[in-house]
1. Residues that are closer than 23 Å to Lys37 by Cα, within 16 Å of the ligand (Cβ to nearest atom) and not assigned by TED's automatic domain parsing to the domain that holds Asp63: list the strands (runs of 3 or more DSSP E) wholly contained in the range 93-203 that include at least 1 such residues.
2. Quick check: is even one residue across the range 33-42 under 16 Å from Met84 (Cβ atoms) and either surrounded by 11 or more Cβ atoms within 10 Å (Cβ to Cβ) or aromatic (Phe, Trp, Tyr) (or both)?
3. Collect the residues in the range 54-101 that are free of Cβ contacts under 8 Å to residues at least 40 places away in the same chain and among the polar types (S, T, N, Q), keeping them in residue-number order.
4. Got a number for residues in the range 43-67 being more than 14 Å from the ligand (Cβ to nearest atom) and either modelled with pLDDT of 95 or more or not assigned by TED's automatic domain parsing to the domain that holds Arg22 (or both)?
5. I want to confirm something. Restricting to the range 66-106 and keeping residues that are in contact with a helix residue (DSSP H, G or I) (Cβ under 8 Å, 6 or more places away or on another chain), hydrophobic (A, V, I, L, M, F, W, C) and more than 21 Å from Trp49 (Cβ to Cβ), which single residue is surrounded by the fewest Cβ atoms within 10 Å (Cβ to Cβ)?
6. So Ala85 passes all but one of these: (1) over 22 Å from Met212 (Cα atoms); (2) among the small types (Gly, Ala, Ser); (3) part of a loop (DSSP other than H, G, I, E, B). Which condition number does it fail?
Amino acid sequence: MHPADVAFAVPKALAAARVTLRVVERLDRGGAKHLVKRYAATINKVYIWTLTSYDRVCWLDADMIVTKNIDDVFHTDFSGGMAMAAAPGCTCNIFRRPGVPTSPHGCPFNCPGPEHPYYANTGLMMIEPSLETFEFLRSEVDYDMPYPDQDAFNIVFKGRIVQLPPRYNFMNQLPIAHPNMLSYDDIAVYHFCYGKPWDAANLNPLGVNPAMYELWRRTLAAIRGGASAASRAATPAPRKAPSALLSKVAKEEEADDLCGVSDQLEETGAVTKLQVTSCA
Ligand SMILES: [Mn+2]
C-alpha cells in the first residue's frame, strides 16, 4: 500500500518484483508532540488492519533487514484476547534526544517480565487484520505523541501485546544501551533505528554493526542488479565486536548507573555527529 504521491520509481520497482500494490489515501496527522515532522506519516501503519484477505499480517519497517527465517512470528499464540505481537522497545533514550520520554528504569530491557508494563517497538508487528480495529485506530485514537503509532498502539493494546524476543527487532542502539545482553549471532531482523543505511552522511555513526550496513548495501545492489548480482552479493557474517567506543561504554555500565551510559556517550562527542533519526 502506498499513497498516490510517492515517487513513481518506488511502486514501479515493487511491481517489477511482483509485489501487489494498492494506492491508499494518506492519513498523515501532525501534532505538537511529534518529535520529527515525518513521523506524521507513521499513522499510515493502521492500513495493515485492512488486509482482511489474510489471517495474519507481519509489518516490517522499511529500515529493517531480515537475516533469518521469521516464520515463527506467524505462529504466535494470540489466545486470551491478544491483539499484536511485537518485540520490546528500548526507552533508555541512550542518545538523549530532546523531547523523547527517557525512562531507563522502565525500559523492558531493564525490567523484563509480566509484572512491569510492556513497551513494544512497532518496527515489527504481527497482527490479525480487522476492519473494525482499523476504523477504531483511524478515527478514535490520539496520535499526538513523540512516537505517534508506537506510543498509541502501546496504549490501545495495553496488556494485549505478545512479547516477542528482541531477535525479531534488533534495534541498532541495543549494543550501546544494553551491552552484553544480546548476541549478534542470534539476530533475525536488524532495525536501523539510528543512522539510516540510505543516509550516507550518517552511516554507522556509533559503531553500530558495520556488517549489517554492508548486508543492506549488498541486498540493495542485488535487488537492483537482478539474480546474477544477488548471487555475487554473499551475506557477510555479522561481526560481534561493535567498536572501541562500545567497549568503553560497556565498561562504564558495570557501575550499574544506566543514566551514566548516556552521559558517557555525550562526553565522547560521538553524539554530536549523529543525525538522530527514528524508530518509526
Ligand atoms: Mn524503523
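The values are calculated or read from the model by the stated rules, or taken from the named source; none is laboratory data. These numbers were taken from a predicted model, which means no experiment stands behind them. In this analysis, Cβ positions are derived from the backbone assuming ideal geometry, glycine residues included, and neighbour counts consider all displayed protein chains.
1. Once the strands (runs of 3 or more DSSP E) in the range 93-203 are filtered for at least 1 residues that are closer than 23 Å to Lys37 by Cα, within 16 Å of the ligand (Cβ to nearest atom) and not assigned by TED's automatic domain parsing to the domain that holds Asp63, what remains is 189-191.
2. At the first step, the residues of the range 33-42 found to be under 16 Å from Met84 (Cβ atoms) are 42.
Of the ones still in play, those that are also either surrounded by 11 or more Cβ atoms within 10 Å (Cβ to Cβ) or aromatic (Phe, Trp, Tyr) (or both) are 42.
Yes, there is a match, as at least one residue in the range 33-42 is under 16 Å from Met84 (Cβ atoms) and either surrounded by 11 or more Cβ atoms within 10 Å (Cβ to Cβ) or aromatic (Phe, Trp, Tyr) (or both).
3. Ser79, Thr91 - these are the residues of the range 54-101 that are free of Cβ contacts under 8 Å to residues at least 40 places away in the same chain and among the polar types (S, T, N, Q).
4. Going through the range 43-67 one residue at a time, the tally reaches 13.
5. Looking at the filtered set, the residue picked out is Phe95.
6. (3)
Listed here are the residues, each with its yes/no results for (1) farther than 21 Å from Leu124 by Cα; (2) of a type outside the set (Gly, Ala, Ser).
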{"residue": "Ala4", "(1), (2)": "yes, no"}
{"residue": "Ala9", "(1), (2)": "yes, no"}
{"residue": "Lys12", "(1), (2)": "yes, yes"}
{"residue": "Arg29", "(1), (2)": "yes, yes"}
{"residue": "Ala32", "(1), (2)": "yes, no"}
{"residue": "Val36", "(1), (2)": "no, yes"}
{"residue": "Ser53", "(1), (2)": "no, no"}
{"residue": "Arg56", "(1), (2)": "no, yes"}
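So that you can scan it fast, the table gives a plain yes or no per residue for (1) closer than 22 Å to Thr42 by Cα; (2) under 14 Å from the mean Cα position of the chain (by Cα); (3) among the aromatic types (Phe, Trp, Tyr):
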residue	(1), (2), (3)
Ser53	no, no, no
Trp59	yes, yes, yes
Met64	yes, yes, no
Asp72	no, no, no
Ala83	yes, no, no
Pro88	yes, yes, no
Thr91	yes, yes, no
Val100	yes, no, no
